[in-house]
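**Student:** Before we start, here is the structure in question, set down as structure tokens.
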Amino acid sequence: MSKIDSNTITIYNSLKGEKEIFKPISAPNLGIYVCGPTVYSNVHLGNCRTFLSFDNIVRYFKFLGYNVRYVRNITDAGHLVDDAEQGEDKISKKARLEKLEPMEIVQKYTLDFHQVLSQFNALPPSIEPTATGHIQEQITMINAILDKGLAYEANGSIYFDVKKYNAEGGNYGELSGRNIEDLMAGSRALDGQSEKKNPQDFALWKKASPEHIMRWDSPWGVGFPGWHLECSAMGTKYLGEQFDIHGGGMDLKFPHHECEIAQGKACNGVSPVNYWMHANMLTLNGQKMSKSTGNTLLPEELFSGKNDLLEKAYSPMVVRFFMLQAHYRSILDFSSEALNASEKGFHKLMEAKSALNNLMYKPGVVSETADKKVKDLIADCYANMNDDFNTPKTIAVLFELVNKINKMLAEKAIDLSEIVFNELKEIFNGFIEDVFGLKPEITTNNGKLDVVLELLIGMRNNAKQNKDYALSDQIRDELNNIGIQLKDSKEGTTYTIK
Ligand code: AMP
Ligand code: ZN
């Protein structure tokens with residue numbers, strides 16, 4: 001049985017407000033869309049948490065053998081300063097302040113975003129589309145919604161008609177749990193100058209004022225797309241009218257994702273996404289980490305230790321591990337104490353991994369109980385990830401395996417059968433590296449050397465197992481020639497540098 005068939009995943013679907021068994025549309029293919037950053041400033045650690053939560057989820061699907069098309073966009077137009085319908089574009093405002101072209105701002109902060117995520121060892125998406133690269137698709141979508149009579153033009157702008165959509169069977173509010181009647185009753189009456197029929201209506205296209213420099217031609221005059229539309233247009237283009245999973249931070253549920261559902265349904269007649277997933281916030285001093293309030297920490301400040309909130313510097317892998325220790329749906333509060341504890345835990349885990357990889361199997365007294373215990377723990381790793389991607393519980397199980405590994409090292413005896421021992425190696429490495437994206441810290445040249453030597457010792461062990469003694473001797477001798485001496489013992493291989 002393939003790993004896909006033997007692992008039933010349950011996902012907390014925000015649209016249903018409960019956990020559901022995950023049924024992909026056409027396994028082993030999977031479509032996942034995650035809202036990307038608005039590239040007008042450096043990503044902060046809170047943004048990174050959301051992207052890393054989805055990185056783990058994508059990684060787990062891939063580990064099970066799914067063929068994932070992972071789309072994560074770059075918002076480079078249409079997101080206005082007030083997160084609603086008025087004001088400047090966030091990007092052109094920054095361009096004005098920094099005296100740069102808007103596309104220079106986009107380039108600068110897209111590069112920063114990529115660089116930060118690669119330091120955290122996040123996998124790149126399969127497609128990273130931009131809003132400005134998909135203006136035509138957005139116009140086409142608006143036309144389709146206009147044709148259905150669910151949007152209207154007012155003074156060169158196009159608005160989605162929420163009231164009409166709901167009257168015709170739509171369910172605006174289904175994701176956020178907001179009741180449209182309450183929303184209408186609770187909001188200020190339109191002042192008569194507004195172009196909208198109702199305050200809940202949202203812009204699909206906005207007419208550009210003369211000073212609005214990020215502008216495009218459209219059938220309704222010069223303007224720019226509404227913020228929510230890009231994700232609908234690009235999700236549909238690359239994943240289809242209906243796809244498996246859509247993710248983003250909790251704060252995007254309303255109005256961004258609520259509007260995406262309405263747009264998709266109005267345009268294509270089907271609910272665009274089967275499973276909506278929302279990652280919870282990273283807080284600092286109990287408050288949401290947020291660019292607008294200045295309550296932020298930048299990844300670079302963590303890696304350099306240059307921030308008064310920090311006792312010292314932390315490596316990207318320690319920070320990644322810290323985030324894994326909370327479930328993606330729980331709030332995670334940042335503190336130096338918590339990071340210090342994570343640092344210790346991370347080193348303990350990686351030391352056990354390295355020792356296990358250097359340990360050669362030698363048949364000893366095999367215990368069926370020991371075999372069963374390890375097999376059960378391996379099954380628990382899968383079970384916890386299958387349960388709505390419970391990373392903290394999976395890590396707790398990995399630490400039970402660390403205890404087992406350390407016991408075998410201390411007792412200088414392997415009580416596992418060769419099959420289970422090899423499975424332990426494969427799964428322990430697989431969860432740490434492939435699923436959790438953790439790799440040895442590379443902070444100094446010595447750190448790099450450790451990684452290279454671990455690799456060479458592993459290759460030499462393989463050569464020995466394959467009875468390729470010419471290769472195993474070559475590795476030993478050539479290292480010896482440059483002053484690195486390998487020492488074999490029952491517990492494995494160590495090295496000394498002369
Ligand atoms: P933005 O660039 O503002 O659109 O945000 C990019 C992503 O980061 C979105 O999915 C947000 O929900 C997410 N995000 C923003 N602040 C936080 C935070 N404090 N913790 C976790 N995720 C966040
Ligand atoms: Zn989006």
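**Student:** Hand me the chymotrypsin sites (Phe, Trp or Tyr not before Pro) from the stretch 83-170 located in a DSSP loop with no more than 12 other Cβ atoms within 10 Å, in residue order please. The partial results should precede the final answer.
**Tutor:** Working: sites: TYR109, PHE113, PHE120, TYR152, TYR159, PHE160, TYR165; in loops: PHE120.
Sites meeting the loop and neighbour criteria: none at all.
**Student:** Here is a follow-up. How many times 2.2 N^0.38 Å is the alpha carbon radius of gyration of the chain?
**Tutor:** Values: Rg = 26.5 Å, N = 498, 2.2 N^0.38 = 23.3 Å.
Compared with the compact-globule rule of thumb, the chain sits at 1.14.
**Student:** Where the centroid of each part is defined by its Cα atoms, how far is the stretch 1-38 from the stretch 42-73 in Å?
**Tutor:** Computed from Cα coordinates, the inter-centre distance equals 13 Å.
**Student:** Take the stretch 3-279, drop everything but the C-alpha atoms, weight them equally and run the Debye formula without solvent; then report log10 I(q)/I(0) at 0.12 Å⁻¹ to two decimals.
**Tutor:** -0.76
**Student:** Another question, then. Can you find, among GLY170, ALA154, THR283, the residue farthest towards the positive end of the dipole of the chain? Put +1 on the C-beta of Lys and Arg, -1 on that of Asp and Glu.
**Tutor:** About the Cα centre, the residue reaching furthest to the positive side is THR283.
**Student:** Could you tell me which residue out of ASN466, SER489, VAL366 lies farthest along the dipole of the stretch 363-498 toward its positive end? Charges go on the beta carbon: Lys and Arg +1, Asp and Glu -1, centred on the Cα centre.
**Tutor:** Of ASN466, SER489, VAL366, it is SER489.
**Student:** Next question. Which chymotrypsin sites (Phe, Trp or Tyr not before Pro) does the stretch 229-334 hold that lie in a coil by DSSP with at most 13 other beta carbons within 10 Å? Before the final figure, lay out the partial values.
**Tutor:** Values: sites: TYR238, PHE243, TYR275, TRP276, PHE303, TYR314, PHE321, PHE322, TYR328, PHE334; in loops: TYR314, TYR328.
Nothing satisfies the criteria.
**Student:** Next question, about the same structure. May I ask you to derive the FRET efficiency for GLU368 and SER2 from their Cβ-Cβ distance with R0 = 41 Å, giving the value to the nearest 0.05? Kindly include the intermediate steps, with their values, before the conclusion.
**Tutor:** Details: r = 27 Å, r/R0 = 0.67.
It comes to 0.90.
**Student:** Can you pull out the trypsin sites (Lys or Arg not before Pro) in the stretch 276-346 that DSSP calls coil and that have at most 13 other Cβ atoms within 10 Å?
**Tutor:** Numbers: sites: LYS288, LYS291, LYS306, LYS312, ARG320, ARG329, LYS344; in loops: LYS291, LYS306, LYS312, ARG329.
Sites meeting the loop and neighbour criteria: LYS306, LYS312.
**Student:** OK, next. If each residue of separation counts as 0.36 nm, what is the full-extension length gain between ILE25 and LYS439 once their alpha-carbon separation is subtracted?
**Tutor:** Result: 145.7 nm gained on full extension.
**Student:** Going toward the positive end of the dipole of the stretch 349-435, with +1 on Lys and Arg Cβ and -1 on Asp and Glu Cβ, which of ASN406, MET350, PRO392 do you reach last?
**Tutor:** ASN406
**Student:** In deg cm²/dmol and to the nearest 500, what is the mean residue ellipticity at 222 nm of the chain if only DSSP H runs of at least 4 residues count, each as -39500 (n - 2.57), divided by the residue total? Let's see the in-between values first.
**Tutor:** Numbers: 17 runs with 223 residues, N = 498.
-14000 deg cm²/dmol, from helical runs alone.
**Student:** What is the dipole size for the chain, taken about its Cα centre, with +1 at each Lys and Arg Cβ and -1 at each Asp and Glu Cβ, in debye to the nearest 20?
**Tutor:** Values: 55 positive and 65 negative charges, 156 e Å.
Here the chain has a charge dipole of around 740 debye.
**Student:** Something else: Please list, or write none, the lysines whose alpha carbon is within less than 17 Å of the alpha carbon of LYS490, excluding same-chain residues fewer than 8 places away.
**Tutor:** Cross-link targets: LYS362, LYS407, LYS412, LYS464.
**Student:** Another question, if that's okay. Quick one: which residues, 5 or more positions from PHE243 or on another chain, have an amide H under 5 Å from its amide H? H modelled 1.01 Å from N in the peptide plane, none for Pro or chain starts.
**Tutor:** VAL273, ASN274
**Student:** For the chain, what is the percent of antiparallel DSSP beta bridges, rounded to the nearest 5? It would help to have the intermediate numbers written out before the result.
**Tutor:** Details: 26 of 48 bridges.
So the antiparallel bridges in the chain amount to around 55 percent.
**Student:** Please report, in Å, the Rg and the Dmax of the stretch 303-435, where both are computed over Cα atoms only.
**Tutor:** Spelled out, the Cα radius of gyration and Dmax of the stretch 303-435 are 16.6, 55 Å.
**Student:** Here's a follow-up. Give the lysines reachable from LYS207 as a straight Cα distance under 21 Å; neighbours fewer than 8 places away on the same chain don't count.
**Tutor:** Counting by Cα, and skipping residues close in sequence, LYS207 has these lysines nearby: LYS90, LYS93, LYS94, LYS196, LYS197.
Bear in mind these aren't lab numbers, they're just calculated from the coordinates by the rules spelled out. What you are looking at is a predicted structure, and each value in this text was computed from that prediction instead of being measured. Counting neighbours? That spans all protein chains shown, and the Cβs are built from the backbone with ideal geometry, glycine included.
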